[in-house]
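Data block below; observations after.
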Amino acid sequence: MPAVVSQATQLAVKADAVVKNFGETAVLRGLDLELPTGEVTVLLGSNGAGKSTFLRILAMLTQIDSGSVSMHGVDITENGPSVRALTGSVLHAPMLYADMTVRENLLFFAEMYRLQNVEDLIAGTIQRVGIEPRLDHRVRTLSHGFQKRVALARALMHDPQMLLLDEPESGLDSESVAQLDSIIADYKSAGRTVVMTTHIVEHALEIADRAVVLNNGTVGLNSTKPSSDKAEILAAYSSKANDQ
Amino acid sequence: MMGSLAVIWAIGRKDLLLEIRNKDVVVAVAGFALLVLVIFTFAIDLNQDNAELVGPGVLWAGIAFAGVTGLNRAFALEVEGSTLEALMLAPISRDLIYLGKALGNFLFIAVAQIIVIPVFAVLFNLVVFRWEMLAISLLTTIGFSAVGTLFAAMSVRVRAREVMLPLLFLPVVTPLLMAAVESTSHMVYGRSWSDMAQWLQLAVAFDVAFLVVSAFIFQHILED
């Protein structure tokens with residue numbers, strides 16, 4: 001029994017035969033994927049390949065139609081709130097209250113996550129993402145890039161085991177992308193897991209431990225050496241993109 | 001338990017803070033309800049007899065119709081900014097989100113009533129500043145918020161949500177509306193608590209049933 005638990009907890013994500021349809025459209029068609037703890041995984045694929053849908057399933061915003069998904073050995077469909085505490089997510093929209101300040105947003109979400117020592121946590125997190133000067137600005141007045149940084153702060157504040165990032169670099173300048181890379185590297189060195197989607201493939205392959213190319217809702221290619229398999233991954237990615 | 005109450009209060013307080021800054025909902029609800037009252041004052045040749053007769057109906061119909069406007073807006077804001085998804089990411093059960101949003105809606109409608117009821121008292125020349133009115137208002141507002149929050153969540157992703165919400169909301173709150181109108185009538189005619197007890201009991205039963213059922217249904221509505 002302990003061996004099973006140990007094996008299960010080494011896997012950050014285990015997806016078995018996951019099917020997700022939106023009406024008549026099949027997005028995930030029996031997706032099987034195992035992601036070990038402590039890795040940076042980049043999900044690649046053309047538009048509609050199912051990357052964002054899979055990320056939303058991991059964030060528990062979208063329910064699967066069949067199959068199973070577990071995180072750190074815990075079935076996500078059975079253990080909602082406790083599994084959500086394991087993840088921090090930055091999805092397409094910043095998901096912030098535009099008429100509240102950065103501080104008010106972070107304080108509010110700290111209450112939603114039932115965090116203690118909130119002021120210290122916020123101070124540490126905003127320094128990490130570089131938004132200290134904008135702390136008392138309303139989110140509405142911030143650029144898209146800064147809003148994305150605030151969203152990242154919200155995702156990091158509860159120190160989750162897994163970071164889910166959906167095209168995190170979109171709208172960020174080069175300085176912010178470098179900062180994001182550094183946060184991802186810190187996360188990895190702390191033994192945490194990062195799962196991200198991107199369309200900036202070459203850059204992602206430099207920082208990732210694993211590249212997964214999704215094709216028609218299944219895993220088309222799963223590489224554990226993305227920087228050395230670059231040509232193969234780029235070929236798989238490009239051919240899928242061209243298929244669209 | 002205290003943790004859950006803190007989450008519910010935090011969501012309600014956040015909605016109130018946003019409302020204080022934007023004044024979207026209270027202005028819409030109070031403005032609409034006042035408009036209904038003023039139109040009826042002109043439409044009906046008011047005297048003391050018919051004011052007592054029609055006043056309670058006009059008041060609660062106005063608040064119910066105006067409430068729909070506010071309920072629509074309160075949830076639309078969460079969806080437009082995708083902040084509803086941010087709440088769904090948090091490790092809290094969905095029923096706490098429902099209760100927090102219902103608390104916010106309760107506060108909006110209550111504030112709107114604080115504006116509307118004194119104007120009603122002046123226009124219809126009725127004495128309404130009584131404990132009975134406070135009880136009726138509280139019970140009716142709890143029911144409106146309980147049902148309205150659920151249906152606002154159901155209709156918020158529908159393209160014709162402005163039409164959908166009243167179609168869902170108004171038939172369901174009819175028993176509560178009847179209880180509010182009948183209790184208020186008893187009050188303006190100067191009758192005792194015991195005369196209106198059955199209507200207040202109906203309102204209590206309605207509130208409890210819809211708070212429990214709506215909190216249960218709400219979690220299924222949020223999922224894709």
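Each reported figure results from applying straightforward, stated rules to the coordinates on display, with no laboratory input. Every value quoted in this text rests on a predicted model; they were computed, and no experiment measured them. Cβ sites come from the backbone with ideal geometry, for glycine too, and all protein chains shown count toward neighbours.
Here is how the numbers come out for the structure above:
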{"item": "Förster radius 35 Å - calculated FRET efficiency between A:T141 and A:A178 (Cβ-Cβ, nearest 0.05)", "result": "0.90"}
{"item": "Inter-probe distance in nm under a simple model that places probes 7 Å from Cα toward Cβ, at A:R103 and A:E132", "result": "1.5"}
{"item": "Scaled radius of gyration (Cα, divided by 2.2 N^0.38 Å) that the protein assembly as shown gives", "result": "1.15"}
{"item": "Distribution of pairwise C-alpha distances over chain A, 10 Å bins, in %", "result": "7, 31, 36, 21, 5, 0"}
{"item": "Fully extended contour minus Cα-Cα distance, from B:A76 to B:N50, at 0.36 nm per residue", "result": "5.4 nm"}
{"item": "Label-point separation, B:N22 to B:S192 (7 Å along Cα→Cβ), nm", "result": "4.8"}
{"item": "Stokes-Einstein D (µm²/s) once Rh is taken as the Kirkwood radius of segment B:59-178 over alpha-carbon pairs, at 20 °C in 1.002 mPa s", "result": "141"}
{"item": "Chain B: relative contact order as a whole-number percent, Cα under 8 Å and 6+ apart", "result": "27"}
{"item": "Nearest-20 debye value, segment B:2-222 charge dipole, Cβ charges on Lys, Arg, Asp, Glu", "result": "540"}
{"item": "Residues B:F65, A:F22, B:F144 arranged by fewest to most Cβ contacts within 10 Å", "result": "A:F22, B:F65, B:F144"}
{"item": "Overall Cα dimensions of segment B:116-221, principal axis frame, Å, largest first", "result": "45, 28, 17"}
{"item": "Cα centroid separation, segment B:63-88 to segment A:162-184 (Å)", "result": "31"}
{"item": "Interatomic Cα distance distribution for segment B:2-222, bins of 10 angstrom, percent", "result": "8, 34, 35, 17, 5, 0"}
{"item": "Packing-based exposure ordering (other Cβ within 10 Å, fewest first) of B:K101, A:K225", "result": "A:K225, B:K101"}
{"item": "Cβ-based exposure ranking for B:L139, A:L172, B:L150, in which fewest neighbours within 10 Å come first", "result": "A:L172, B:L139, B:L150"}
{"item": "Cα-based helix-to-principal-axis angle, A:102-112 vs chain A, degrees rounded to 10", "result": "60"}
{"item": "Charge-dipole axis of the protein assembly as shown as Lys and Arg at +1 and Asp and Glu at -1 on Cβ define it, positive-most pick from B:L59, A:N105, A:G80", "result": "B:L59"}
{"item": "Cα shape, segment B:42-91, gyration tensor, a/c 1.5 rule", "result": "prolate"}
{"item": "Cα radius of gyration and Dmax for segment B:95-143 (Å)", "result": "12.8, 42"}
{"item": "Debye equation applied to the C-alpha atoms of segment B:1-52, log10 I(q)/I(0) at 0.15, 0.26, 0.29 Å⁻¹", "result": "-0.63, -0.94, -1.01"}
{"item": "For chain A, the longest site-free run once GluC sites (Glu not before Pro) in DSSP loop states with at most 12 other Cβ atoms within 10 Å are removed", "result": "A:79-244"}
{"item": "Residue list for segment B:22-55, given a label point 7 angstrom along the Cα-to-Cβ vector of B:N125 and an amide N cut-off under 20 Å", "result": "B:37-55"}
{"item": "Segment A:93-159 - charge dipole about Cα centre, Lys and Arg +1 at Cβ, Asp and Glu -1, debye rounded to 20", "result": "300"}
{"item": "Relative contact order (percent, whole number), segment A:93-159, Cα cutoff 8 Å, 6+ residue spacing", "result": "49"}
{"item": "Cα gyration tensor, segment A:93-159 - rounded (a/c under 1.5), prolate or oblate", "result": "prolate"}
{"item": "Three-way shape call for segment A:27-98 based on the alpha-carbon gyration tensor, with the a/c threshold at 1.5", "result": "rounded"}
{"item": "Contour excess over end-to-end distance, with Cα ends at A:Q10 and A:E232 and 0.36 nm allotted per residue", "result": "77.2 nm"}
{"item": "Sites B:A110 and A:S82, calculated FRET efficiency, Cβ-Cβ separation with R0 35 Å, nearest 0.05", "result": "0.50"}
{"item": "Segment A:76-202: Cα Rg divided by the 2.2 N^0.38 Å rule of thumb", "result": "1.01"}
